[in-house]
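Taking it in order: structure first as structure tokens, then the write-up.
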């Protein structure tokens with residue numbers, strides 16, 4: 001609820017002087033009598049809230065805020081009088097109205113209050129919110145109010161749904177959340193909360209470079225509570241710091257224990273919620289943990305979600321910058337989920353970018369679009385020379401594609417599932433499985449041309465862009481065939497029926513051109529270092545002639561034919577333009 005200016009109350013008055021509506025206590029006292037009277041429709045209680053009203057006061061001033069509260073109060077009083085209902089003002093921007101539940105009338109009231117806001121220059125973000133609870137005879141005024149407020153809070157979670165009718169499921173959801181919160185505190189005290197580890201690997205070798213600590217909850221009876229059920233509830237209600245700080249401590253204690261047993265370890269990623277930065281001094285907390293357990297900052301990696309950076313940039317940028325200065329690695333988790341731009345990345349102090357699993361889980365039929373989005377996101381990170389790790393990798397195709405794009409590190413079921421600490425210890429007890437080079441990025445450096453053939457360096461689309469239109473040719477006797485070609489080659493010759501043009505391509509040339517093709521190939525055989533190039537013309541299906549600048553390299557003999565690598569460039573338009581100018 002937003003805070004407005006204090007209400008001015010006349011001594012011993014039941015009514016607010018600002019809105020002329022009943023204050024909270026007299027409203028509750030008079031409400032039962034209204035609800036017991038006959039009405040044309042069931043009575044309902046509407047909890048009316050003005051979204052972001054504190055911000056409205058900051059933008060437009062408290063006097064304007066008081067003025068609009070007075071006008072809204074007058075409109076609610078008018079509605080209450082017309083329906084023999086009851087209007088109330090509970091302070092700040094918090095109104096109540098008891099009125100018969102007639103949908104059209106409720107919509108009209110919502111529209112009138114919205115218009116009042118707009119008449120004061122208010123933006124759409126200051127729209128009213130209606131939470132409605134319909135009485136069922138025996139429902140008490142306090143229960144009605146609780147239900148209406150619950151519906152109002154539900155409406156605030158969706159900008160498109162500003163009027164929300166209370167439904168029993170909301171109460172069920174609230175009870176479920178309460179049970180989770182209550183059970184969590186009990187579980188924390190009784191050893192039900194623990195962590196599992198999911199290894200993070202170098203994709204090309206499968207060696208482990210680190211692991212992520214994932215919170216788990218197993219109740220005393222063996223029931224597992226999925227993280228997607230309890231973590232959002234803890235975060236929503238501000239208790240996530242209890243979970244996070246517990247996991248951090250447990251991880252540090254385990255690392256210390258593992259080292260004391262004489263083993264080499266890998267850095268462990270721990271998650272830091274946006275809420276944590278508001279509730280505690282995250283930097284001081286991690287400093288105290290590594291002091292307490294005699295660790296170094298290199299033993300921990302800090303993962304902060306992308307959305308947290310966007311919504312609290314100044315606060316979190318300062319904290320993560322301090323963490324990095326202390327020697328901790330800082331990851332941006334869930335990168336690519338829709339918030340960050342290149343400018344955002346430039347302004348942040350980060351070590352590693354962690355790609356959101358949704359980026360690589362491309363739906364059928366969306367492959368082309370999905371690949372382009374993934375390539376764009378990866379290129380954004382590569383432009384800043386940041387190492388990347390992708391989560392959610394489940395297939396060899398995904399892994400190979402990511403490596404081809406320059407994402408060298410992966411986390412997912414293809415390599416390892418999340419596992420209990422004991423199982424993780426069994427795996428890393430073999431130090432040959434550990435890659436202790438840390439997270440590195442492919443930087444610009446001298447390379448051998450043969451490296452271009454390595455599928456782990458460049459993706460298919462990048463290779464097409466680099467090489468242009470290319471094909472492999474076979475020359476046997478006086479016939480030249482195309483045996484392989486790339487997408488750019490097909491686009492360049494502009495033929496959907498390319499498969500009809502692969503055999504004896506010399507027959508597609510004007511009669512005087514075919515000897516030139518064979519002469520170029522013969523020259524390429526004689527100069528294997530530089531190959532040969534020249535202008536060749538081909539006939540199209542519609543009878544027109546296209547001119548191509550071709551370059552051939554001799555690859556050797558195979559299956560009784562001579563093999564050539566050839567690149568082409570369509571220069572028909574260039575020649576036509578040159579001829580016109582001449």
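Between residue 373 and residue 182, with labels modelled 7 Å along Cα→Cβ, what's the label distance in nm to one decimal, could you check?
4.1 nm
Just subtract the alpha-carbon distance of residue 218 and residue 112 from 0.36 nm times their residue separation and send over the number in nm, one decimal. Write down the numbers at each step before the final one.
Details: separation 106, 0.36 × 106 = 38.16 nm, distance 5.14 nm.
Gain on extension, residue 218 to residue 112, equals 33.0 nm.
Please list, by residue number, everything in region 531-555 whose backbone N is under 15 Å from a paramagnetic label point 7 Å out along Cα→Cβ of residue 513.
Output list for this probe position: 534-551.
Please list, short to long, the whole-number percent of alpha-carbon pairs of region 24-166 in consecutive 5 angstrom bins beginning at zero.
2, 10, 22, 24, 21, 13, 6, 2, 1
Once fully extended, how much extra length lies between residue 467 and residue 560, figured as 0.36 nm per residue of separation less the alpha-carbon to alpha-carbon distance? Please list the in-between numbers first.
On the way: separation 93, 0.36 × 93 = 33.48 nm, distance 2.76 nm.
Contour length minus Cα-Cα distance gives 30.7 nm.
Return the FRET efficiency for the residue pair residue 257, residue 417: r is the Cβ-Cβ distance, R0 is 22 Å, and the value is rounded to the nearest 0.05. Mind showing how you got there, number by number?
Working: r = 23 Å, r/R0 = 1.04.
So the FRET efficiency works out to roughly 0.45.
In nm, give the distance between the simple-model label positions of residue 20 and residue 288, each being 7 Å from the Cα along the Cα-to-Cβ direction.
In this crude label model, residue 20 to residue 288 measures out at 5.6 nm.
Taking the number of other C-beta atoms within 10 Å as the exposure measure, put 279, 231 in order starting with the fewest.
Details: 279 15, 231 20.
Ordered by Cβ neighbours within 10 Å, fewest first: 279, 231.
Pull out the extension gain between residue 483 and residue 394, defined as 0.36 nm times the separation in residues minus the alpha carbon to alpha carbon distance; nm, one decimal.
28.6 nm
Take residue 575 and residue 74, extend 7 Å from each Cα along the Cα→Cβ direction, and tell me the distance between the two endpoints in nm.
Here the modelled spin labels are 8.3 nm apart.
Fewest Cβ neighbours within 10 Å first, please rank 420, 573 accordingly. It would help to have the intermediate numbers written out before the result.
Details: 420 13, 573 10.
By the 10 Å Cβ count, ascending: 573, 420.
No lab work stands behind these numbers, since they all come straight from the coordinates. From a predicted model like this one, the values you see are computed outputs, not experimental measurements. All Cβ positions, glycine included, derive from the backbone under ideal geometry; neighbour counts span all protein chains shown.
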